[in-house]
Protein chains: 2
Amino acid sequence: MDYFKESLNLHRTLKGKIRMSPKMDVRSKDDLSLVYSPGVAEPCRAIHQHPEDVYKYTIKSNTVAIVTDGSAVLGLGDIGALASIPVMEGKAMLFKRFANIDAFPICLDTNDTDKIVETVRLIAPVFGGVNLEDISAPRSFEIEHRLQDLGIPVFHDDQHGTAIVTLAGLLNASKLVGKKMEDLKVVINGAGAAGIAIARLLKAVDNPDSPLATPVKDIIICDSKGILHSGRENLNAAKLEALTFTNEEDRPGSLHDAIRGADVFIGVSVANLLTADDIRTMAKDSIIFAMANPVPEIMPDEAKAGGAAIVGTGRSDLPNQINNVLGFPGIFRGALDARAPRISPNMKLAAARAIADHIRNPDFDRVIPPTLDEQVAWRVADEVRRVAEEEIRAAQEG
Amino acid sequence: MDYFKESLNLHRTLKGKIRMSPKMDVRSKDDLSLVYSPGVAEPCRAIHQHPEDVYKYTIKSNTVAIVTDGSAVLGLGDIGALASIPVMEGKAMLFKRFANIDAFPICLDTNDTDKIVETVRLIAPVFGGVNLEDISAPRSFEIEHRLQDLGIPVFHDDQHGTAIVTLAGLLNASKLVGKKMEDLKVVINGAGAAGIAIARLLKAVDNPDSPLATPVKDIIICDSKGILHSGRENLNAAKLEALTFTNEEDRPGSLHDAIRGADVFIGVSVANLLTADDIRTMAKDSIIFAMANPVPEIMPDEAKAGGAAIVGTGRSDLPNQINNVLGFPGIFRGALDARAPRISPNMKLAAARAIADHIRNPDFDRVIPPTLDEQVAWRVADEVRRVAEEEIRAAQEG
């Protein structure tokens, strides 16, 4: 199937992929008096008196804003708010499909960090959570960071969703090749939102003492100019911060230098960067997660020819698809159900473990559940909710 | 039925009254590849190249934002964004029910005019129209005015919706009592958003030469302190402007002075202001639209006891319900279908005439169609679209 051509036809036929539906029919005057004037005044009054009741009487408890500025959309880059809408509609479909969440696209006509932060604050009342999407780094870091006090979860999926699903895959892959997480030498290629978030989560930077964490000790991040090390000039703030918990030996060099002897390559970069020869320089039974879309950093056949034991990509037509869909629906479901004020580091670890544990007998071509497995999100939701409820209880007691 | 109690129960059971629905199921990997990655890239690219294509491939062509700050909600006043959500959800249901429009509540956590204007601009990409709702005057005037260049219709329903339906009722009522519109002496009580908009539309201030207009010449507006006239102090800008086209004789006095000899009383104010004795001072066969909610300025029985020929209220349990529901769904339907850049004065007149003309044989208890008449919105939409298309053509030719 020519996905591009067919997709264009489909979008034209549907005129957008989502719609708003009433939860009940309005047929009679009585119906009208209950859902609208005069009856509706009563839930309004109740919420005015007890703001927390907004979760009882409105869509807030199940509604998520998908917020973007269209600055880093798929592999398309900065195509702007209008052109990003089809992706955000698609994401809304996935929220519904996998976790029965009502999500709505908020595509902002600005790239200004302050304005994005303020707009999210202003539109927040009707939403129970905010999924930041396809906003370019490093603005995405700042935007997410500044919104953590909003009282509802604000979660940049390109960072954490990718990181969580990557960690899930790596938990199973490392077991299969008989290596411990803490002993892995990991190279992450790509120092944008996803790459740095993956490093952070693998290292458990934000919750080193969590019983859920099994941190990787040795991580090197590369960008298009090679290894991030202290001798590099003009590193942005996010990359500088990443240096504080990666590349402890402060090695310089190229991506090729970095992967020599490494156990794991995680690519969140661009197509066709590596060859079988490159893989041959890695440690035995290497693990390759080549997630560039739509063409991975190296194709599975070639990686295996170079000695890789396990290869994952972002593609649905290849084994081990590392796809955010395994993460965000269940994570938000759990967070909404617990009414968590944010997605904490432990909630992220719990989500990764739930995804990994969902595969009873992992094998080399199945380190991660299939993207369309309907049970994953609900399992993730259970674990995320449990951790969130514990944290809420602890905060109340403390 | 106890609408208040029942409504509270209903809202609690439903947990909000609207949901987001996908327009197609996502069952297979192919489905996923079409609605999301990789296929979705194609409509994104198309829109990036031709921004107008956003109407072809996304929900924009059928999606309206219901924007409020919760500052003037129903009769409840300034209850804030959270507490306004049930009303906005109800409104979204009505958009769907009567005109198949997908509307979504945007409840803003600010009363700042500049911030509201900017936020609407920033979130506009995904919307084909903006319904401003329950924002207090005079800010609502300024907000609407400043957003007229947005390229999509921005329409403050509390003003124009009410005005349009009132005009529709008056067109039929005046015929029934054998008086010409231009000869009517009209008193409007309430100088907020609705009152001033009604005066503007009845007088055809914004399009005096339109073939659709049959302007009323003599209009007096009262607020809680009596008649608006040049001797009044501390009038806000909107009231001062209203003085330029009302009360030509610059009469001072109270509401009671104003209605003496008047043909029409239009109330958008508060309950129980008038008695049968007051109505007796009006001209013969007076027309009373007492639209205060939920209790009108005077009840129909008492008004008729005072000699009123025709009485309308805002209530669904009384004859002649003057309800915005007759207006906004069809108006937006027509505007969206024509892709009108704004709701022009002539589109408003066309809507009023369509509503009035929908009643083939008006009588004293039926000057306006019943609120639940499903055909009204489509008739309104046809007329509004026709006028909008003419205006678009004229603008292109001019």
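When you scan segment B:283-300, how many residues do you find that are under 23 Å from the mean Cα position of the chain (by Cα) and of a type in the set (Gly, Ala, Ser)? The qualifying residues number 2. Is there a residue in segment B:44-59 that is within 28 Å of A:PRO296 (Cβ to Cβ) and in contact with a strand residue (DSSP E or B) (Cβ under 8 Å, 6 or more places away or on another chain)? Yes, segment B:44-59 has at least one match. What number goes with the only condition from (1) farther than 22 Å from A:ALA173 by Cα; (2) more than 20 Å from the chain's Cα centre (by Cα) that A:PHE364 does not pass? Going through (1) farther than 22 Å from A:ALA173 by Cα; (2) more than 20 Å from the chain's Cα centre (by Cα) one by one, A:PHE364 breaks only (1).
Condition check ((1) over 13 Å from the mean Cα position of the chain (by Cα); (2) surrounded by 23 or more Cβ atoms within 10 Å (Cβ to Cβ)) across all residues:
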residue: A:VAL126; (1), (2): yes, yes
residue: A:GLY129; (1), (2): yes, yes
residue: A:ILE143; (1), (2): yes, no
residue: A:PHE155; (1), (2): no, yes
residue: A:THR162; (1), (2): no, yes
residue: A:GLY169; (1), (2): yes, yes
residue: A:MET181; (1), (2): yes, no
residue: A:VAL186; (1), (2): yes, yes
residue: A:ALA193; (1), (2): no, yes
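Of the helices (runs of 4 or more DSSP H) lying entirely inside segment B:1-109, those containing at least 2 residues that are at the interface with chain A (Cβ under 7 Å from one of its Cβ atoms), under 24 Å from B:ASP134 (Cβ atoms) and open to solvent by less than 50 Å² (accessible area, probe 1.4 Å) are B:3-14, B:80-99. One residue stands out among those in segment B:213-256 that are outside any loop (DSSP other than H, G, I, E, B), in contact with a helix residue (DSSP H, G or I) (Cβ under 9 Å, 6 or more places away or on another chain) and more than 13 Å from B:ILE188 (Cα to Cα): the one that is least open to solvent (accessible area, probe 1.4 Å), which is B:ALA238. Does B:GLU144 satisfy the condition of being without any contact (Cβ under 8 Å) to a residue 60 or more places away in the chain, more than 18 Å from A:PRO125 (Cα to Cα) and in a helix (DSSP H, G or I)? Judged against the criteria, B:GLU144 is a match. When segment A:363-398 is examined, which residues are found to be of a type in the set (A, V, I, L, M), over 19 Å from A:ALA213 (Cβ atoms) and part of a helix (DSSP H, G or I)? Of everything in segment A:363-398, those that are of a type in the set (A, V, I, L, M), over 19 Å from A:ALA213 (Cβ atoms) and part of a helix (DSSP H, G or I) turn out to be A:VAL376, A:ALA377, A:ALA381, A:ILE392, A:ALA395.
Among the candidates A:ALA338, A:ALA305, A:ALA354, A:ALA309, the residue that is at pLDDT 95 or above, open to solvent by 20 Å² or more (accessible area, probe 1.4 Å) and among the small types (Gly, Ala, Ser) is uniquely A:ALA305.
The values are calculated or read from the model by the stated rules, or taken from the named source; none is laboratory data. Quick caveat: nothing in here was measured; it's all calculated off a predicted structure. Counting neighbours? That spans all protein chains shown, and the Cβs are built from the backbone with ideal geometry, glycine included. Only protein heavy atoms, including side chains, enter the accessible area calculation; ligands, DNA and RNA are left aside. Shrake-Rupley method; radii C 1.70, N 1.55, O 1.52, S 1.80 Å.
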